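The values are calculated or read from the model by the stated rules, or taken from the named source; none is laboratory data. What you are looking at is a predicted structure, and each value in this text was computed from that prediction instead of being measured. Cβ sites come from the backbone with ideal geometry, for glycine too, and all protein chains shown count toward neighbours.
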Amino acid sequence: MLQFVFLIPLIAGIAVFFLPAKKGRLILVATAIIHATFTGLEWFKITGPLQTKYFANTPEGMLVLAILSFLFLFISLYTVAYMNEVEMSKEPIFNGCMLLFLAAMSMVAIADHIIMLWVAVEATTLMSAPLIFVHRSKEALEATWKYVLICSVGIALALLGCFFVIFSMTMSDVHVPISFSALATVASQLNPIWLKAGFIFVVIGYGTKMGLAPMHTWLPDAHSEAPSPASALLSGALLNCAFLGVYRCHQLMYAAGLGDYSSNVLIAFGLASMLVSAVFILNQNDYKRMLAYSSIENMGIIAFGTGIGGLALFGAMLHMIHHSLVKSSLFLSAGNILLGYGTKIINKTGGMLRLFPKTGATFFAGFAGISGFPPFGLFISELLIILGAIKAGRYVAISIFIFSLILIFAGASRLVMQMIFAERDKDEILVPEKWVRALPPIILLLTSLALVIWLPDTIYQTIQNAISSIGGTVNG
Amino acid sequence: MLALILLSVLLSLRSNRLMALVKLMAFQGVVVSAVPLFLETEHGLTFNLFVFFILLVLVKGVFIPGLMYIAVKKVVASREIEPIIGYHASLFAGLIMIVFSVYVTNNLHLAMLPAGHKLLLVTAITTMGAGLVLLMARRKAITQVIGYLMMENGIYLIGTALAKEVHTQYVVEFAVLLDLIVAVLVMGIVLNDINHTFDDVDTALMGQLKD
């Protein structure tokens, strides 16, 4: 039954290609609801996997799957409303690829076999490429070409890393199925040198997909050129899936007693990503690119928190949940802004609170959330990461971390203030805002808020199961 | 066998016509698919291995080069490759790569590998490196795809040399192959659109997006 979470969107996606656009929208929403149902069944382990050779129900995978399913439900509702406003010549292809993309990401979340995980991650690249260039503008084509090529080459290196990990097994004459769960049981017998080499290649490969600097160059282009529902999905769900690949290998390294090594690699990549995004966010003039750089920053924070371990690891997992919710909300709001002003240039926007009260308020609240202000969840997760790092005695790393956070906040807040409060001469807007399009981002934000006030026990338990294997605790 | 792969690698670094490059890729695809057949396997030549060999040849030797052939035919503008790094320099880089791969392989202390596998590893690393050179040193988008495919061939060979377990799991193997097919299809579609929009597939024309 576990396999249904990717089989159903796969079949629905192929069907949508051949159906008229209107029916395609209906199937999009229906599949989102069915997907959410199956995810719920899996979450509470009501049904198990049909065949355990390639797929498994793991706590960290379930976390990613639940976020994905929840986001997709609201993004699909938004997409239907969005499609009413824009002219898209190939709408069936867009809707179909959205579903195939969902299928590929679900497959990442439940994959247990090392190579199957790789296949699924590569599939997410390929299925999301058509989403980026639906508009067929020169910029969109350039973004797609960069995305497909850089990510494919990066992920090819991850395959090399996977081969090295498998070879570390042959080297020490251990024979078990090549799945993460089986490898973890024999991890201490694996050849450490090849395992280290494999981990480096895997981090470079999946890190490219996750947007870790310096392999992030495709991310701002792809996220800014894609239509907004696709950007929200790319930023909110896809980056988590890539992180899951890194996290699985980190777990394996930890089980093999090489946790220190892989932690340091993750911390270095995390800090590099934060610094790079801090530098580039300062002089942005495109608000979708600004959000994309903020995604790079947040992925850096998650990698950093995972590397520090302990309390910070709990923070990193919380950060993943809240970043997905808040960032998708921001990208959906950005879609409304783009429809209204018809431009992505920050200087040409302004007066949002007057022209788009609902979207303006959501965008502002989302920005406060993403910069780590209470009462939003990113405040708690960043605080936990900082506390965890201080406890671990990583003073230099934490100084760079806090410095980047301040820089990013200073850079981004200037831009957001301008968008929301700046004077604007002409009051004409292309598409007025509507409740159907304003509601999904509001609900996503409110969910983040609700999870701060009351984190359900089952989520808490799942996070704890996910992090306990590499020594993460809530009590520090 | 391995000499044939190395020959195709060096020729592709040297070739200045897109058509010649596509034909070389088809040749390389067939040879690379045949490599597992010539390695000593525990069970000898099984039926499954043979069926998979046929499948690989069809995909790597016929289907993918066929797609590339159509793509080249459609791009009427110019069939020259326009290198960023010259042909002779690329060729020289290829030769250095072979020396480097031999050095790397000898220093890995892989005493447990059968003799043939070591030479295979040398070839594989060279193929992968040459693929990266093609990817970076050529301006045409099609050559970049071919560079990617060559890199993929190299990684497949490394997998053959090191991770025997993978090659006996046909479901996984088939899934990887399926990914490769879809990758080439998607790249082909984007390539076609780039050609329509820019009237060329020169990546130097694309440079609007930067910070």
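A single member of A:Ser137, A:Ser128 is among the hydroxyl-bearing types (Ser, Thr, Tyr) and over 30 Å from A:Gly198 (Cβ atoms), and it is A:Ser137.
On the stretch given as region A:415-426, residues that are part of a helix (DSSP H, G or I) and surrounded by 13 or more Cβ atoms within 10 Å (Cβ to Cβ) total 6.
If the condition is being surrounded by fewer than 24 Cβ atoms within 10 Å (Cβ to Cβ) and within 7 Å of chain B (Cβ to nearest Cβ), then region A:131-141 contributes A:Arg136, A:Lys138, A:Glu139, A:Leu141.
Which members of region A:168-200 meet the condition of being among the β-branched types (Val, Ile, Thr) and assigned to a helix (DSSP H, G or I)?
A:Thr170, A:Thr185, A:Ile193, A:Ile200, listed by residue number.
Tell me which residues, restricted to region A:14-37, are over 21 Å from the mean Cα position of the chain (by Cα) and crowded, with 18+ Cβ neighbours inside 10 Å. A:Val16, A:Gly24, A:Arg25, A:Ile27 - these are the residues of region A:14-37 that are over 21 Å from the mean Cα position of the chain (by Cα) and crowded, with 18+ Cβ neighbours inside 10 Å. Residues in region A:427-476 that are in a helix (DSSP H, G or I) and of a type outside the set (D, E, K, R): 29 in all.
The single residue among B:Thr143, B:Thr197 that is among the polar types (S, T, N, Q), in a helix (DSSP H, G or I), crowded, with 16+ Cβ neighbours inside 10 Å and within 8 Å of chain A (Cβ to nearest Cβ) turns out to be B:Thr197. Taking helices (runs of 4 or more DSSP H) as the structural unit, those lying wholly within region A:247-363 and holding at least 2 residues that are at pLDDT 95 or above correspond to A:259-281, A:287-308, A:311-341. Within region A:206-222, restricting attention to residues that are away from chain B (no Cβ under 11 Å), assigned to a helix (DSSP H, G or I) and not hydroxyl-bearing (Ser, Thr, Tyr), which residue is nearest to the chain's Cα centre (by Cα)? My answer is A:Met210. B:Gln208 falls short on exactly one of the conditions (1) at the interface with chain A (Cβ under 8 Å from one of its Cβ atoms); (2) touching a Leu at 6+ places or on another chain (Cβ under 7 Å); (3) polar (S, T, N, Q), and that condition is (2). A:Ala56 satisfies every condition listed in (1) buried (at least 22 other Cβ atoms within 10 Å of the Cβ); (2) among the aliphatic types (A, V, I, L, M); (3) under 30 Å from A:Ala182 (Cβ atoms) except (1). The listed residues are A:Ser188, A:Ser172, and the only one of them that is surrounded by fewer than 24 Cβ atoms within 10 Å (Cβ to Cβ), more than 14 Å from every other protein chain (Cβ to nearest Cβ) and at negative phi turns out to be A:Ser188.
Would you say A:Leu77 is more than 24 Å from A:Met210 (Cβ to Cβ), within 21 Å of the chain's Cα centre (by Cα) and modelled with pLDDT of 90 or more?
Working: more than 24 Å from A:Met210 (Cβ to Cβ): yes; within 21 Å of the chain's Cα centre (by Cα): yes; modelled with pLDDT of 90 or more: yes.
Considered against the rule, which asks whether it is more than 24 Å from A:Met210 (Cβ to Cβ), within 21 Å of the chain's Cα centre (by Cα) and modelled with pLDDT of 90 or more, A:Leu77 comes out as yes.
Of A:Met98, A:Met127, all but one fail to be within 11 Å of another protein chain (Cβ to nearest Cβ) and either buried (at least 20 other Cβ atoms within 10 Å of the Cβ) or modelled with pLDDT under 90 (or both); the exception is A:Met127. Under the condition of being within 8 Å of chain A (Cβ to nearest Cβ) and either among the aromatic types (Phe, Trp, Tyr) or in contact with a strand residue (DSSP E or B) (Cβ under 9 Å, 6 or more places away or on another chain) (or both), the residues counted in region B:172-193 number 1.
So that you can scan it fast, the table gives a plain yes or no per residue for (1) at pLDDT 75 or above; (2) assigned to a loop (DSSP other than H, G, I, E, B); (3) basic (Lys, Arg); (4) under 19 Å from B:Leu149 (Cα atoms):
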| site | (1), (2), (3), (4) |
| --- | --- |
| B:Val35 | yes, no, no, yes |
| B:Glu40 | no, yes, no, no |
| B:Leu49 | yes, no, no, no |
| B:Val57 | yes, no, no, yes |
| B:Met68 | yes, no, no, yes |
| B:Val72 | yes, no, no, yes |
